[in-house]
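What follows is a short report on a single structure.
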Amino acid sequence: MRGDYAYSEPPPGAVTCLACGRVSIGMTFAETKAAVASVNAQLGPGEPPIGLTYFRCCGRPRFRPARIGDVPDGATITRVLAEDA
């Protein structure tokens, strides 16, 4: 464990990026496409649309299931495309 703070148990579906160590909720390619469509449908006039890269972690991410010791208490967890597309 790093630091002198407590760690939370990761939520179901959480993954840890082996490149940067960031913990996110993993999404399939289909779930990511649906999320992109949802965000783009809510954009205001003149706002640029997002693509699949919005939900990428690193340039060459590899993931493993998250475990205790990966998520410090109070950390924010976002969603990430955790499946090769």
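The values are calculated or read from the model by the stated rules, or taken from the named source; none is laboratory data. Note that the structure is a prediction, hence the values are computed from the model and not measured. As a convention, Cβ positions derive from the backbone with ideal geometry for all residues, glycine included, and neighbour counts pool all protein chains shown. Each accessible area value is taken on the protein alone, full model and side chains, heavy atoms only, with ligands, DNA and RNA left out. Shrake-Rupley method; radii C 1.70, N 1.55, O 1.52, S 1.80 Å.
Take the residues in segment 59-83 that are in contact (Cβ under 8 Å) with a residue 24 or more places away in the chain and open to solvent by 90 Å² or more (accessible area, probe 1.4 Å), then tell me which one is farthest from VAL15 (Cα to Cα).
The extreme case among them is ARG60.
Residues being under 13 Å from PRO72 (Cα atoms) and either among the acidic types (Asp, Glu) or surrounded by 13 or more Cβ atoms within 10 Å (Cβ to Cβ) (or both): count how many of those fall in segment 17-58.
So in segment 17-58, the residues under 13 Å from PRO72 (Cα atoms) come out as 21-24.
Within this subset, residues satisfying the condition of being either among the acidic types (Asp, Glu) or surrounded by 13 or more Cβ atoms within 10 Å (Cβ to Cβ) (or both) are 22-24.
Count: 3.
Going by what's in this entry, would SER8 be described as touching a residue at least 40 places away in the same chain (Cβ under 8 Å) and over 16 Å from the mean Cα position of the chain (by Cα)? Before you say what the answer is, go through the steps one by one.
Details: touching a residue at least 40 places away in the same chain (Cβ under 8 Å): yes; over 16 Å from the mean Cα position of the chain (by Cα): yes.
In short, yes.
Kindly indicate whether THR16 is assigned to a helix (DSSP H, G or I), at negative phi and of a type in the set (Val, Ile, Thr).
Details: assigned to a helix (DSSP H, G or I): no; at negative phi: yes; of a type in the set (Val, Ile, Thr): yes.
When the stated conditions are applied, THR16 does not pass them.
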